[in-house]
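To keep things clear, I will list the structure first and then write my remarks on it.
Where a number appears in this text, it was derived from the coordinates with a stated rule and is not lab data. Every value quoted in this text rests on a predicted model; they were computed, and no experiment measured them. Here the Cβ is made from the backbone with ideal geometry for all residues, glycine too, and neighbour counts use every protein chain on show.
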């Protein structure tokens, strides 16, 4: 496993070691001990989530607040997505900055999104299955978000706006400034 810290402190890209032969491939998608040692963390994931989406579906930008904040370990099982992590920690030197990474069934990369980040993704392939681990349980009352097309963040989603499929809930999210005040 190779771990790469991004420009956003505490946010990591994880590239697994993949063993391939004529039968196919094998890789360890998660090992708590190796994960915590490599990232110098003491995380415990307690909830796994999976979503299926079609091309152009954009989910996000979501986060949980207070005692319900969540860290996530995200990967794509099938297809290709553009995954976005936004640093919303006011005390952070990278507050208001984001990273984007293509997660695919081929590259098998994962992204660790720490607490204090907003997260979202858009599907770039015909369909995609995204799987992620959370270190805290979902709490509807603590759910917040930022509108995907916020002009302060200026995220390049890699698809034309007219091709995006977005839930009503996500279209009604506040701007970065409104959400973070």
- line: A correct fewest-to-most ranking of 148, 138 by other Cβ atoms within 10 Å would be 138, 148
- prompt: Which value in Å does the Kirkwood hydrodynamic radius of the range 1-81 take, with 1/r averaged over all unlike C-alpha pairs and then inverted?
  reply: 15.3 Å
- line: Put in order of increasing Cβ neighbours within 10 Å, starting from the fewest, 144, 37 give 37, 144
message: With 10 angstrom as the radius, rank 90, 72, 109, 9 by how many other C-beta atoms surround their C-beta, starting from the fewest.
response: 90, 9, 109, 72
Rg to Rh, two decimals, where the chain supplies the alpha carbon set and Rh follows Kirkwood: 0.95
